[in-house]
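One structure below.
The values are calculated or read from the model by the stated rules, or taken from the named source; none is laboratory data. Note that the structure is a prediction, hence the values are computed from the model and not measured. Cβ: placed from backbone, ideal geometry, glycine included. Neighbour counts: every protein chain shown. Just so you know, the surface numbers come from the protein's heavy atoms only, side chains and all, with ligands and any DNA or RNA stripped out. Shrake-Rupley method; radii C 1.70, N 1.55, O 1.52, S 1.80 Å.
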Amino acid sequence: MTAAKQTDLKRADAMRNRERILDAAERLLERSSSATLADIAAAAGVARSTLHRRFPRRGDLIAALRDRPTETALDTPGGVLPTGRLGRERPISLDAIHVFDAVPPALLPEQLVAEAQRIARVPVALYVVDIDGSHLLHMAGPTRLGAKLDTPLAIGPELDADGLSELREQLSKYRAIEVYPLWLRGRANGVLIAFGRPAEPLRELARQAAAAVTLADRYTDVFALAQRRKQPRAAAEIQQSLLPPRVARVTGGEVAGNVLPTYEVAGDWFDVIENPDGVWISVADGLGGSTRAAASSAVALGALRATRRSGGTITEALVVMHQTLREMPGPRAEMTAVVSRWDPATHRLDVANCGHIPPVIVRDDSSAEELTIPPTHGLGGRASAKPVERSLTLNPGDRMIMVSDGVSRCGEGNAELGVDALVHAALRSRQASAADTVREIHKLVLAETRGHLTDDATCVCLSVG
């Protein structure tokens with residue numbers, strides 16, 4: 001190949017990447033003017049470094065969209081796209097809502113790959129992430145990369161924008177591979193990997209596939225089965241069913257959380273929800289690791305949600321959880337728990353605690369503090385529940401970190417991370433995002449335990465934008 005031909009190919013690649021970035025920016029900014037450059041890079045299927053080479057600043061990207069010679073160019077103050085468009089370049093045969101009328105949920109993986117190969121005219125494989133976030137696991141399509149791929153640590157079975165950038169860099173050693181994330185609300189629940197340059201981009205198909213997979217997962221076990229590298233015990237399976245999405249965009253920030261599972265112990269759980277009164281974030285740690293402990297967790301979570309949905313406070317939620325656990329027949333079911341509520345309008349954070357490890361606050365200026373909470377009884381025991389409540393302010397750039405005792409407790413198979421170690425890990429996060437903070441803390445947990453956990457290790461982070 002001549003030098004001139006190579007130059008032409010590089011120029012064509014650069015133009016394609018630029019158009020992919022602009023297409024993704026147009027779609028994401030149409031939905032939310034606060035979409036980050038990392039989100040746009042992930043949706044475009046390019047590394048963040050590629051985006052920054054072409055658009056060093058957010059303003060450069062907005063300006064390029066305004067100057068784009070299309071009827072959808074940005075021409076409104078603040079770079080907010082006009083409403084009323086779906087951002088779809090052309091019709092495609094797969095639609096997330098229609099998929100249940102056309103495809104049995106159990107056959108969806110094969111259908112997605114077949115449709116992707118029809119559009120791309122190259123081989124395409126579907127991979128999902130193991131529930132512990134350590135591997136990409138093959139689900140459908142050719143197995144050219146093998147049945148299992150080591151990956152940068154994900155947030156449970158979900159990849160965030162930073163994780164996707166690391167994954168692309170890791171896969172760059174393979175020639176002619178393109179990665180299309182199944183991207184939905186700031187996270188990817190799988191990836192389509194094209195072996196060769198697609199005749200048509202797969203971005204729109206991948207976006208529709210993300211919604212289709214999320215819907216189909218309620219009707220079939222094929223996705224859950226593919227995400228389990230090891231066979232979990234019944235208690236661990238109950239635990240997994242209780243957990244919310246691991247990465248969630250919320251008003252004014254991001255919440256990420258994950259349980260590093262032992263596949264046997266199943267006492268930890270967390271919950272995240274955004275309501276009109278603010279963002280509720282809860283973490284609990286059940287005593288013991290039996291099926292009964294997992295069942296107790298399900299009962300306590302139901303009590304939390306019932307209180308929340310009836311307009312109760314965070315303190316009332318802990319009291320109702322305690323009373324409900326006391327009503328369970330058989331041996332006492334005990335746990336520690338902390339429930340918080342953050343109001344993005346006022347930046348006020350309220351925290352109620354019953355015997356749990358207090359949250360750690362990392363400020364924008366890198367200073368840190370552990371909430372001062374006197375020792376209290378947990379839930380479900382003989383003593384009455386006496387939640388201790390504290391209030392403070394979380395401003396842009398601040399983070400709240402909540403962990404279980406599998407992160408901080410001493411002993412064989414435990415990480416023994418104190419406040420200083422948590423803060424040090426959090427400050428290693430280059431992006432200071434919630435997802436990257438959780439990833440850095442869990443990396444440290446795995447390093448300290450050499451990957452041999454004897455207790456579940458839970459970490460949840462709220463990052464204020």
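Counting just the residues of region 421-450 that are small (Gly, Ala, Ser) and farther than 18 Å from Leu167 by Cβ, which one comes out nearest to the chain's Cα centre (by Cα)? Applying the filter and picking the extreme gives Ala434. The helices (runs of 4 or more DSSP H) found wholly in region 222-323 and carrying at least 1 residues that are open to solvent by 30 Å² or more (accessible area, probe 1.4 Å), hydroxyl-bearing (Ser, Thr, Tyr) and over 27 Å from Thr437 (Cβ atoms) occupy 291-309. Scanning region 177-208 for residues that are within 28 Å of Gly465 (Cβ to Cβ), open to solvent by less than 10 Å² (accessible area, probe 1.4 Å) and assigned to a helix (DSSP H, G or I) yields one hit, Ala206.
In the set Leu149, Leu171, Leu205, which member is free of Cβ contacts under 8 Å to residues at least 60 places away in the same chain and more than 23 Å from Ser49 (Cα to Cα)?
Checking each option against the conditions leaves just Leu149.
Within region 415-431, the presence of a residue that is of a type in the set (Gly, Ala, Ser), in contact with a Ser or Thr (Cβ under 8 Å, 6 or more places away or on another chain), open to solvent by 10 Å² or more (accessible area, probe 1.4 Å) and in contact (Cβ under 8 Å) with a residue 40 or more places away in the chain is excluded. Within 22 Å of the chain's Cα centre (by Cα), modelled with pLDDT of 95 or more, under 16 Å from Pro387 (Cα atoms) and open to solvent by less than 40 Å² (accessible area, probe 1.4 Å), is that true of Val338? Yes: the conditions hold for Val338.
Only residues that are of a type in the set (Lys, Arg) and in contact (Cβ under 8 Å) with a residue 40 or more places away in the chain were counted in region 292-347, giving 4. Considering (1) modelled with pLDDT of 90 or more; (2) over 19 Å from Arg229 (Cβ atoms); (3) within 18 Å of the chain's Cα centre (by Cα); (4) open to solvent by 10 Å² or more (accessible area, probe 1.4 Å), the lone condition that Glu158 does not fulfil carries the number (2).
Checking each residue in region 209-221 for being part of a helix (DSSP H, G or I) and touching a helix residue (DSSP H, G or I) at 6+ places or on another chain (Cβ under 6 Å) picks out Ala209, Ala212, Ala216. Residues in region 324-337 that are in contact with a Lys or Arg (Cβ under 9 Å, 6 or more places away or on another chain) and not in a loop (DSSP other than H, G, I, E, B): 2 in all.
On the given criteria, is Ala457 out of contact with any Asp or Glu (no Cβ under 7 Å at 6 or more places or on another chain) and either open to solvent by less than 50 Å² (accessible area, probe 1.4 Å) or touching a residue at least 12 places away in the same chain (Cβ under 8 Å) (or both)? In short, yes.
A count restricted to region 358-377 and to residues that are touching a strand residue (DSSP E or B) at 6+ places or on another chain (Cβ under 7 Å) and without any contact (Cβ under 8 Å) to a residue 60 or more places away in the chain stands at 11. Residues that are in contact with a helix residue (DSSP H, G or I) (Cβ under 9 Å, 6 or more places away or on another chain), modelled with pLDDT under 85 and not aromatic (Phe, Trp, Tyr) within region 99-134 comprise Val99, Ala102, Val103, listed in sequence order.
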